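Heads up, the thing below is written out as C-alpha cells.
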Amino acid sequence: MKSAGAGGGGGYGDSSSQTRRSTVRVHLSGVLFLIAVITFVSCQNAARSCVKCYNCASSSSGNIFLSEASSSLIPTLNVTLLRLAAVDVNEAERKREVEGLLNVNSFENNGHSTHRSIASWRKYHSLNGVLRSSLTKRNTETIGIHLFPEFHKSLRNWYRNDRYHPGIMSELLNLVKTPIEHHSGGGPGFASTSKYPTCAVVGNSGILLKHELGDLIDSHDAVIRLNNAQTQGYHRNVGRKTTISFMNSNILHLCARREACYCHPYGPNVAIVMYMCQPVQFLDHVICNSSHKSALLITDLRFDMLCSMIIKYYSLKMFVEETRRPLEDWGMFHDAKMFHYSSGMQAVMLALGICDQVSMFGFGKSKGASHHYHTNQKMELDLHDYRAEYELYRDILERPQVIPFLADSGFKIPPVVMHS
C-alpha cells in the first residue's frame with residue numbers, strides 16, 4: 001500500500017511536478033529531434049563527400065572509385081556489375097609484355113648494342129613470335145637499332161597511364177585536338193581552347209547505303225571515320241570530308257608493310273588517332289610516325305580503360321537482365337581475354353570529349369544490310385558486343401546521367417543525334 005500510495009501520489013497528485021516533467025519531456029523531444037536532423041544532414045553530406053573504393057583489379061592498375069552520392073542518385077547502377085566491369089583480365093599479361101619490351105638487356109650489353117638491326121634483335125628475342133610478324137623483311141633490313149630509344153619512350157609513356165581515371169574525358173581536348181592542330185601549323189606553343197563546334201562520327205554499317213547522307217555528313221566542322229573505310233564510290237552515302245581517321249593499331253600494322261608506311265586513303269594531311277591492340281605494335285608506330293605528314297596519335301591508356309569498363313558493364317547488365325543467369329556465366333558467351341569495345345564505340349566516346357555537338361551515322365543494322373557498307377562481311381565479330389554498344393548509344397541519346405563511371409568525373413555529355 002505504501003509503495004502504491006507513494007507512487008500514485010508522486011505520479012499524479014502533485015500538479016507542479018507534472019508540469020515540470022511535461023516541460024522536460026518537451027525539451028527532451030526537441031533535443032532528440034534536433035539531434036536527428038543534424039545526424040540526417042551529416043549523413044547526407046558524408047554520402048556526398050565520401051568516396052568508396054572498389055579495388056577490383058590488382059594494385060598496379062589503381063583503385064576504382066565510385067562516389068556514394070553518384071550511386072544514390074543513379075539507382076540503376078549495380079555495384080556488383082561495376083566491380084566486375086572494372087576487372088581487367090589482361091592486366092598481368094600486358095604488364096609482362098610491356099616489361100619484356102622495356103627490358104634494356106634485351107638489346108644492350110654494358111651500354112652497347114649487341115644487335116646491329118631490329119632484324120637481329122627480333123631473331124634473338126622472338127617474344128613468342130609476336131615480333132616475328134610485326135615488320136616486313138624490307139623494314140627490318142633497313143631500320144637500325146637506333147629506333148629503340150624512341151620505341152621505349154613511347155611505350156613507357158603510354159603504359160604509365162595504365163589506371164582508372166574518369167576525368168580523362170575532360171582531358172581529350174588537350175590530348176587529341178591540340179596535337180592535331182599543332183601538327184597542322186598551330187605552332188609549338190599552341191593550345192586549343194575550344195572544341196569542334198559540330199562533329200560527324202561515321203560508322204561502317206551497311207545501313208549507310210539506304211540513304212544519301214553524304215552532304216549532311218560533310219556539312220559538319222569535323223568528320224571522324226573508322227579503320228580506313230573506303231569512301232571512293234560511296235560519296236553520296238558517306239561523304240568526302242575526313243578530319244580524323246580513327247583506327248586500331250592492326251590497321252597501322254598493315255600499313256607498315258607498305259612503302260613509306262602509307263596509310264592515308266583520305267589524304268596525307270588527315271590526322272590519325274588509334275588505340276593500341278598490342279604493346280609490341282608501338283614499333284609500327286615509331287617506324288611510321290617519322291614518314292607521316294599528319295599527326296599520328298595513340299589514345300591515352302586511361303581512355304582505353306574507361307571505354308573498356310563502360311562497355312563491359314553494359315554487356316554484363318544485358319546478360320543478367322535477358323538470361324537471368326548468374327554473372328559467372330557471362331564468360332561462357334564472351335571470351336573475357338578477347339572481349340573488347342569496337343573502334344566505333346571509342347570514336348563516339350572521343351567525339352563526346354572534343355566536340356560541342358555530335359552526330360552519329362552508320363551505327364546499327366537492319367535486315368539485308370551488310371556489316372560494313374564497303375565489304376560483303378555479314379557477320380559481326382565475336383570479340384565485340386554490339387548489342388551492348390547500341391544500349392550505350394541509347395543512353396547517350398536519352399539518359400546520359402545513367403552511364404557508369406562518368407558520374408564521378410563531372411563530365412557532361414554534349415547534345416548527340418543519331419541518324420539511322
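In summary, helices (runs of 4 or more DSSP H) completely within region 190-306 and bearing 3 or more residues that are under 23 Å from the mean Cα position of the chain (by Cα) and not β-branched (V, I, T) occur at 249-255, 282-289.
Reported count of residues in region 195-227, each being over 21 Å from V176 (Cβ atoms), surrounded by fewer than 24 Cβ atoms within 10 Å (Cβ to Cβ) and among the aliphatic types (A, V, I, L, M), is 4.
Within region 282-293, not a single residue is touching a residue at least 60 places away in the same chain (Cβ under 8 Å), surrounded by fewer than 23 Cβ atoms within 10 Å (Cβ to Cβ) and not hydrophobic (A, V, I, L, M, F, W, C). Counting the residues of region 371-400 that are at pLDDT 90 or above and part of a helix (DSSP H, G or I) gives 13.
Selection of region 307-334 for residues being of a type in the set (D, E, K, R) and not in a helix (DSSP H, G or I) yields R324, R325. Within region 398-420, residues that are of a type in the set (K, R) and loosely packed, with under 14 Cβ neighbours inside 10 Å reach partners that are assigned to a loop (DSSP other than H, G, I, E, B) and modelled with pLDDT under 95 with beta carbons closer than 9 Å, at six or more positions or on different chains, in the pairs R399/T76. Every listed requirement among (1) touching a helix residue (DSSP H, G or I) at 6+ places or on another chain (Cβ under 6 Å); (2) buried (at least 23 other Cβ atoms within 10 Å of the Cβ) is met by M305 save one, (1).
The values are calculated or read from the model by the stated rules, or taken from the named source; none is laboratory data. Computed from a predicted model, the values in this text were never measured in an experiment. Here the Cβ is made from the backbone with ideal geometry for all residues, glycine too, and neighbour counts use every protein chain on show.
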